[in-house]
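Working notes for the structure below.
The values are calculated or read from the model by the stated rules, or taken from the named source; none is laboratory data. Values in this document were obtained by computation on a predicted structure and should not be read as measured data. Each accessible area value is taken on the protein alone, full model and side chains, heavy atoms only, with ligands, DNA and RNA left out. Shrake-Rupley method; radii C 1.70, N 1.55, O 1.52, S 1.80 Å.
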Amino acid sequence: MIDQAASLREMMLNNSLPQLNEENLVQGKKLNQARLIAISSGKGGVGKSNFTLNLALKLHAAGKKVLVFDADLGMANIDVLMGVSSRFSVYHVLKGEKRIQDIIQFGPHGLPFVAGGSGLIELLTLSEEDIHGFTSDLDRLSNEYDYILFDTGAGLSLENRRFIAAADECIVVTTPEPTSITDAYALIKVMHRHLSEPIPFSMVVNRAENRREAEQVSAKIGLVAKRFLNAAIPLLGHVSDDPHVMRAVKKQTPFTVMYPQCTASRDMERIAAGYMDLALPLTQNTQGFKGFINKWLKKTI
Ligand SMILES: Nc1ncnc2c1ncn2[C@@H]1O[C@H](COP(=O)(O)OP(=O)(O)OP(=O)(O)O)[C@@H](O)[C@H]1O
Ligand SMILES: [Mg+2]
């Protein structure tokens, strides 16, 4: 585990922001701003939402302050996966009916989350003035958390690309299926070509038969990424293909809560521990959430 964490760390750093130096490293946590993590995929249905939610729960259980933000503009469903009905979303904040603090809901074990909704699309049409009120609220939020995990939609839509570009890092989820692998690579390629400020990318192989299969998938993507993009895409880990996941989804309970000892839950434990072990590059969003939203809205990719 230590060796793996060390090499992951090295790869993340090699692939991260140019102005990095020893002083601006943080040991797996913020200095005073939350780390904004986009969790995305090329192909849909590969397990992003389940991964995001269960990673958040594991980090939360380890004592980190974590907020899950459902940023899937098309099919927001983090709340459904937790069996918590969401009465309020970003939409109500934009309408001026709620403050951002009021729309944070709590899932299993008190995990804070913000439900998705059509409000995010409206955000794209707001004036800078409107956004100002919204983002200063968000800024306060980002001082309170260590990690904010964004469950984004799949694919290369403009909204997704902007979301990823505005985050501090992106975890790309793929399955071992060739279609999922090629779409994951396409996402990484497009983002790398168009990002004005590079962010670290890493990969998780979901629904893997075993670690060996995940490493093979990782090697395939790693090879082309190195050759054509000169980028390292470290493997954060794999989550086994495990029938407990679907059973838990049907019960609207996260699998790490419902079946804490199942193979997929143990895999999540390993990934979360490895992730917290990483010395991550400093957040690029030195202006906190406000910086994130501004970047998101202004990015021209
Ligand atoms: N590790 C796993 N083992 C077995 N089945 C899984 C696993 N991960 C996900 N699944 C199955 O895949 C389904 C889709 O997962 P999920 O909703 O998390 O994908 P998604 O990438 O968020 O989809 P979308 O792109 O539509 O947002 C789950 O409902 C579950 O049945
Ligand atoms: Mg999803």
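In percent, what relative contact order does segment 135-267 have, based on Cα pairs under 8 Å that are 6 or more apart in sequence? Mind showing how you got there, number by number?
Details: 156 pairs, mean separation 24.6, N = 133.
Relative contact order here is 18 percent.
So, for segment 32-115, what is the accessible surface per residue at a probe of 1.4 Å, expressed in square angstrom?
37
For segment 161-270, what is the accessible area per residue in Å², given a 1.4 Å probe and the full set of protein chains? Don't skip to the end; give the middle numbers.
Working: 5060 Å² over 110 residues.
Each residue of segment 161-270 exposes 46 Å² on average to a 1.4 Å probe.
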